[in-house]
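The values are calculated or read from the model by the stated rules, or taken from the named source; none is laboratory data. All values reported here derive from a predicted model rather than from experimental measurement. A quick note on method: Cβ atoms are made from the backbone with ideal geometry, for glycine too, and the neighbour counts reach across all protein chains shown.
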Amino acid sequence: MERIGECLTPWPAFVIVAHEAVLGVPSLPRLLHLIREQALPFFSQAADRLAYIQKQYQLHPEDVAEWYAQTRWAIQSPASAPMLSTTQDTLLALGILSEKKPLEVLSQTLDF
């Protein structure tokens, strides 16, 4: 794997990552649903979201626009089978995984 760059932001960001031990926790689908429910308005109002970021973090409009132009939002779920397979292949090649998991296990649909 090769590092090709980074995009630093002066505001908080997060990623949801779960160990396989928590996949069976009954409250997980509800938690993911609540997070998605709260985030969707942000994604549906483009002009408002840029103004919000600019005001909230006291940034120049040009900086926010430049950042937004190079940002992709991963708000769909679940991940596709090809994406899961490619990710596993990469992690295997890097020595992070010792074996591939069946796609059926990895692509369990969480109803949210």
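Figures for the structure shown
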| quantity | calculated |
| --- | --- |
| Selection from region 55-67 of residues that are at pLDDT below 90, closer than 25 Å to Ile35 by Cβ and not in a loop (DSSP other than H, G, I, E, B) | Gln56, Val64, Trp67 |
| Gln70 vs. criteria at pLDDT 85 or above, surrounded by fewer than 12 Cβ atoms within 10 Å (Cβ to Cβ) and closer than 23 Å to Leu8 by Cα | no |
| Selected residue [modelled with pLDDT under 80, among the polar types (S, T, N, Q) and more than 15 Å from the chain's Cα centre (by Cα)] from Ser85, Ser44, Ser98 | Ser44 |
| Selection status of Pro12, modelled with pLDDT of 75 or more, exposed (fewer than 10 other Cβ atoms within 10 Å of the Cβ) and assigned to a loop (DSSP other than H, G, I, E, B) | no |
